[in-house]
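> One structure coming up, written as structure tokens, with questions to follow.
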Amino acid sequence: MSKRTKKSNWPRPIMQWGVILAIVIIALIPKFNENFVPDFEAYCPFGGIQALGSYLLNQALSCTMTSAQIVMGILLMLAVFILSKLFCAYICPVGTVSEWLGKLGDKLKIRITIKGIADKILRSLKYVLLFITLYFTFQSNELFCKKFDPYFAIASGFNTDVVVLYSVIGIVLVILGSVFIRLFWCKYICPLGAISNIFKFTGFFVAVMVIYLLLLKFGIKISYVWPLAVACAGGYIIEITGLFGKVFPLVKITRNEDTCTSCQLCSRKCPQAIDVANLKVVRDADCTLCSECISVCPENNTLQINRKKSLRWLPPVATVLLIVAGLLLGRLWEVPTIDEKWYGEEVMSKAKIFTQSGLKNIKCYGSSMAFASQMKGVDGVLGVATFVKHHRVKVYYDPAKLDDAKIQKLLFTPSGMLLKSLKKGVQEVQEVQVWLENFFDLYDFNYLSRLLLDKTEAVYVASEYDCPVMIKIYFPGDVKIDEAELVSTLEAETLTYAANDKNYTVDLGYKVAKGPIYNTMGRKEYITKMFKPYEAQFNDSENYGTEVIEVYQVPFGKNKANRSKLSYLVSHLSDDNGIIGFRTFLNDSLEEIIAVSYIDTMTSTTAIYEKLNSDTLRFTYSSGKIGKVANMFDFIETEEIAK
């Protein structure tokens with residue numbers, strides 16, 4: 001009987017080390033490139049499975065999830081149906097580290113393999129955790145696993161999605177559990193291991209899903225919680241009773257009893273401690289098709305895959321092919337983050353669809369839902385879909401009420417921003433009009449504003465809706481404008497800016513489609529045009545006639561920097577029932593003034609002045625809750641001026 005002279009399972013450690021090395025490199029890239037934001041869940045199959053479930057149940061993807069994760073999740077499921085738990089064997093970083101730590105435990109002679117009733121009881125934990133994880137993910141459209149996942153916690157540096165207590169417990173279980181107990185995390189805690197086992201029990205899984213879908217088809221409304229609970233409970237029962245199917249997975253480790261010498265090397269080598277030496281066909285739920293048993297077997301053609309020598313390298317080759325397929329399919333196919341249709345089939349069948357890409361504010365589930373909420377209030381809009389990967393939206397609309405041009409205008413928000421104060425003595429201002437392609441939303445406006453602030457002498461910039469968008473840029477009259485240089489600046493490919501002590505680079509890609517066109521205006525016209533008055537009425541102001549209303553005026557002065565905080569001040573003033581209005585305006589000297597309207601029989605100018613300069617501003621939230629903030633305003637007392 002011929003025996004092997006050399007045995008090796010070299011693809012497996014190469015793939016395991018490759019994954020760990022890739023994670024380390026991705027984690028280190030931001031040290032050298034501050035613009036790189038690592039996405040440690042970009043190709044996570046468990047995240048993809050959760051995202052797919054959320055989408056099927058809620059027509060919405062979990063936040064930041066894309067088609068790439070969903071494709072990886074689907075391929076993992078198919079791989080388990082046909083092959084086995086290849087992800088666990090070749091890819092999973094937690095499983096790899098657990099194996100390495102287990103070898104350390106063996107060298108120290110402190111690792112044990114739990115057997116018997118304790119093993120059966122502990123195996124229930126991963127199914128309980130799977131149920132909890134999927135339930136809260138489907139309820140919230142947020143990946144619950146990120147709260148406790150030891151891999152995500154370490155790789156992301158405990159980012160805001162991580163619950164530190166949960167993840168620290170997970171890390172401790174992986175490290176100590178692996179050293180003292182054989183693959184403690186993988187066997188007893190890992191929810192991905194639990195759902196992989198359910199997929200491995202293919203007949204059972206398919207039966208549960210078919211029954212659930214048939215009940216829905218026949219109008220029986222049943223919560224997803226029930227099939228989820230049945231799948232988790234059934235998976236656990238099948239695992240501990242050994243009632244494994246004979247067909248799935250289609251690929252299994254087989255042992256030739258005629259050539260086997262019962263040396264027990266395969267059983268001792270198995271990372272999962274499966275007793276391979278006493279099985280004719282390995283159907284154990286723990287088998288990941290890692291092929292360690294085949295590599296250690298001293299007898300040729302004794303341990304094989306489906307009794308075929310030609311399938312020796314099927315597991316690693318299939319793993320690589322599945323990864324490549326996932327990467328390619330993830331690029332070709334995109335699932336909408338949300339896809340909401342607010343009317344029945346009859347109405348939606350007549351809808352037209354407007355599509356626009358490049359909306360940088362569409363970046364996650366939350367921003368997608370905010371967009372949907374905004375569009376739902378528009379008469380004629382029937383539904384929306386968003387695609388965060390390409391910042392793209394689809395708007396379903398009634399062609400009798402809207403058209404593409406109107407939809408495009410609805411999506412646009414005109415904006416204006418002061419870049420620099422106009423210096424004293426400058427009596428003329430130049431207005432430059434240009435029309436920019438690839439300019440869509442407030443992100444673009446903010447990027448353009450930063451670009452102009454860094455590269456030009458512009459003092460103000462504004463955007464107005466047009467096709468393409470019209471941009472108005474204002475320069476002091478004494479600045480010489482180089483048209484070619486201005487166009488080159490506007491068409492810059494990237495913008496680098498500093499924020500929070502970091503430098504960020506973003507792609508721009510604007511193109512000047514028309515212009516520049518030049519206009520000139522005087523200083524007064526410019527200041528008046530740029531001025532944005534603030535006005536608020538309160539305390540039943542409509543019940544008072546002009547004959548009883550007085551106005552207290554104060555220069556706005558150095559408080560201009562706090563203009564965005566005026567709502568705090570106005571809410572604070574409204575506590576005085578005698579104050580009924582607040583507004584700002586420009587006087588003849590182009591000085592900004594605040595005007596406080598009041599009833600002199602109910603309050604006084606002294607009381608108003610004291611309230612304007614209170615140490616603390618007391619304001620009311622929309623919910624009715626009272627808040628307080630230190631007063632950031634400082635007004636100089638002046639005479640009351642009657643209206």
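> If I82 satisfies all but one of (1) over 20 Å from P271 (Cβ atoms); (2) of a type outside the set (G, A, S); (3) touching a helix residue (DSSP H, G or I) at 6+ places or on another chain (Cβ under 7 Å), what's the number of the condition it fails?
Only one criterion in (1) over 20 Å from P271 (Cβ atoms); (2) of a type outside the set (G, A, S); (3) touching a helix residue (DSSP H, G or I) at 6+ places or on another chain (Cβ under 7 Å) is unmet by I82, namely (3).
> Looking at I237, I294, can you tell me which residue is surrounded by fewer than 20 Cβ atoms within 10 Å (Cβ to Cβ) and either among the hydroxyl-bearing types (S, T, Y) or not in a loop (DSSP other than H, G, I, E, B) (or both)?
Just one listed residue meets the conditions, I237.
> If you go through the stretch 100-124, how many residues are surrounded by 17 or more Cβ atoms within 10 Å (Cβ to Cβ), assigned to a helix (DSSP H, G or I) and of a type outside the set (S, T, N, Q)?
3
> Can you find even one residue in the stretch 529-550 that is surrounded by 15 or more Cβ atoms within 10 Å (Cβ to Cβ), within 42 Å of the chain's Cα centre (by Cα) and within 30 Å of W435 (Cβ to Cβ)?
Yes.
> Does S571 satisfy the criteria of being closer than 23 Å to E550 by Cα, at pLDDT below 95 and under 41 Å from the mean Cα position of the chain (by Cα)?
For S571, the condition - closer than 23 Å to E550 by Cα, at pLDDT below 95 and under 41 Å from the mean Cα position of the chain (by Cα) - is met.
> Restricting to the stretch 438-461, what's the tally of residues that are of a type in the set (D, E, K, R), within 31 Å of the chain's Cα centre (by Cα) and either in a loop (DSSP other than H, G, I, E, B) or surrounded by 15 or more Cβ atoms within 10 Å (Cβ to Cβ) (or both)?
Within the stretch 438-461, residues that are of a type in the set (D, E, K, R), within 31 Å of the chain's Cα centre (by Cα) and either in a loop (DSSP other than H, G, I, E, B) or surrounded by 15 or more Cβ atoms within 10 Å (Cβ to Cβ) (or both) number 3.
> Here's a follow-up. Tell me which residues, restricted to the stretch 45-72, are small (G, A, S) and within 17 Å of M209 (Cα to Cα).
Residues satisfying the conditions are G53, S54.
> Which of the following residues is touching an Asp or Glu at 6+ places or on another chain (Cβ under 6 Å) and small (G, A, S): A536, A499, A513?
Result of the check over A536, A499, A513: A513.
> Just to be sure before I move on: is S564 more than 17 Å from E535 (Cα to Cα) and either among the hydroxyl-bearing types (S, T, Y) or in contact with a Cys (Cβ under 6 Å, 6 or more places away or on another chain) (or both) in the structure I sent?
no
> Then there's this: Out of everything in the stretch 255-280 that is surrounded by fewer than 18 Cβ atoms within 10 Å (Cβ to Cβ) and β-branched (V, I, T), what residue ends up being nearest to R182 (Cα to Cα)?
T261
> Collect the residues in the stretch 426-437 that are surrounded by fewer than 21 Cβ atoms within 10 Å (Cβ to Cβ), among the hydrophobic types (A, V, I, L, M, F, W, C) and closer than 18 Å to K409 by Cβ, keeping them in residue-number order.
Answer for the stretch 426-437, where residues must be surrounded by fewer than 21 Cβ atoms within 10 Å (Cβ to Cβ), among the hydrophobic types (A, V, I, L, M, F, W, C) and closer than 18 Å to K409 by Cβ: just W435.
> Collect the residues in the stretch 471-491 that are of a type in the set (A, V, I, L, M, F, W, C) and surrounded by fewer than 17 Cβ atoms within 10 Å (Cβ to Cβ), keeping them in residue-number order.
V479, I481, A484, V487
> Restricting the search to the stretch 328-378, which residues are more than 21 Å from Y43 (Cα to Cα), in contact (Cβ under 8 Å) with a residue 40 or more places away in the chain and aromatic (F, W, Y)?
Residues satisfying the conditions are W342, Y343, F354.
> I would also like to ask the following. Please list, ordered by residue number, the helices (runs of 4 or more DSSP H) wholly in the stretch 314-418 having 3 or more residues that are surrounded by 15 or more Cβ atoms within 10 Å (Cβ to Cβ).
314-332, 365-376, 404-411
> Taking the conditions exactly as written (under 26 Å from Q356 (Cα atoms), in contact with a Pro (Cβ under 6 Å, 6 or more places away or on another chain) and surrounded by 13 or more Cβ atoms within 10 Å (Cβ to Cβ)), does E464 satisfy them or not?
yes
> Ok, one more. Applying the selection to the stretch 505-551, what residues are in a strand (DSSP E or B), in the same structural domain as K423 (by TED's automatic domain parsing) and of a type in the set (A, V, I, L, M, F, W, C)?
The answer is V506, V512, A513, I517, M521.
The values are calculated or read from the model by the stated rules, or taken from the named source; none is laboratory data. In this text, all values refer to a predicted model and were calculated from it rather than measured experimentally. Ideal geometry is used to build each Cβ from the backbone, glycine not excepted, and the neighbour counts take in all protein chains shown.
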